Amino acid sequence: MAQAASPEKRKWAARGWWVGLHCFVYAALALGGSLSPRALSPLGFAVVLAVAAANALSYVALQTSSPGFVERADLESGGGSVENEHPSDSDSLVVGGDADAALHFCEICQLTQPLRAKHCKDCGKCVRQYDHHCDCAGTCVGEKNRRRFVAYLFVQGVEAAVIISVVADAFSLQDSVEEWFNVNWPYLLSWFSVACVLLIVVPLFIYQAFLISTNQTSWEHARRSSITYLRTLPDSSGSPFDRGCLANWRTFVTGGDANKWVHSGSLAPPMASAAPPTGDPTDIM
């Protein structure tokens with residue numbers, strides 16, 4: 001049986017095909033003469049260069065960012081608690097405040113995760129306010145770089161919308177179907193590639209906007225019934241961190257603390273006798 005690729009290899013493979021896709025589209029347009037000031041007008045060409053540069057810069061900014069890994073030194077200095085052994089039979093601790101929440105102990109990192117943190121198998125570390133591991137970017141999205149991720153989605157969407165218009169204008173009429181395919185196949189492939197990018201980026205941006213408006217992460221929204229601090233809350237209660245749409249966006253844009261528990265009810269930790277949820281144990285928190 002073939003072994004699965006290591007996380008490091010998967011990361012670079014994801015980056016390679018994503019960057020390669022963009023390079024192919026731009027190369028097809030440039031070699032065909034459709035990406036020039038003469039073909040587009042000076043203003044149109046400048047717009048294409050601007051969105052391409054902005055997209056490349058936002059992608060590099062995301063690549064070089066940290067999602068906010070949970071470090072033992074930070075926990076020891078007051079950001080949480082570190083234990084060398086399993087903290088209790090129920091694999092949880094209780095944190096006080098407006099509500100009591102169960103904190104999960106990560107057996108791999110050997111530390112008690114702060115609220116909203118999750119262990120990422122690809123990164124091999126616990127990530128604060130874990131959202132998801134992005135295969136296209138080859139990096140985790142968490143508390144420290146989620147704003148960069150959302151900004152990249154927006155810029156990528158704008159770039160794709162501009163480029164698909166350029167590609168559509170690059171098609172040319174020919175005398176036969178065979179000749180048409182021989183001349184236009186690079187543009188046809190480019191158009192479908194960019195259309196797929198739009199189908200990925202636009203819904204994902206809208207989904208992220210919804211999550212930010214309700215102060216949720218995609219992991220919390222998708223796995224609510226498996227997460228220790230959410231699974232006992234009724235679905236109708238929404239996110240226990242939701243302060244209202246405007247306040248949530250203000251906190252997100254300014255990089256404020258989005259982890260304050262504002263749910264009015266009380267959340268009891270799991271009992272030691274309770275059966276553990278099924279599925280991947282790293283999904284529990």
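One line per residue, one yes/no per condition, for (1) of a type outside the set (Asp, Glu); (2) modelled with pLDDT of 95 or more:
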residue: Arg147; (1), (2): yes, yes
residue: Leu153; (1), (2): yes, yes
residue: Val158; (1), (2): yes, yes
residue: Val162; (1), (2): yes, yes
residue: Asp169; (1), (2): no, no
residue: Leu173; (1), (2): yes, no
residue: Ser176; (1), (2): yes, no
residue: Phe181; (1), (2): yes, no
residue: Asn184; (1), (2): yes, no
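Applying the set (1) outside any loop (DSSP other than H, G, I, E, B); (2) at pLDDT below 85; (3) loosely packed, with under 15 Cβ neighbours inside 10 Å to Thr282 leaves exactly one unmet item: (3). Do we find that Leu40 is more than 30 Å from the chain's Cα centre (by Cα) and surrounded by 13 or more Cβ atoms within 10 Å (Cβ to Cβ) in this structure? In short, yes. For the criterion of being out of contact with any strand residue (DSSP E or B) (no Cβ under 7 Å at 6 or more places or on another chain) and either closer than 17 Å to Val166 by Cβ or loosely packed, with under 15 Cβ neighbours inside 10 Å (or both), Leu211 fails.
The values are calculated or read from the model by the stated rules, or taken from the named source; none is laboratory data. Remember, it's a predicted structure, so these values are computed and weren't measured experimentally. Cβ sites come from the backbone with ideal geometry, for glycine too, and all protein chains shown count toward neighbours.
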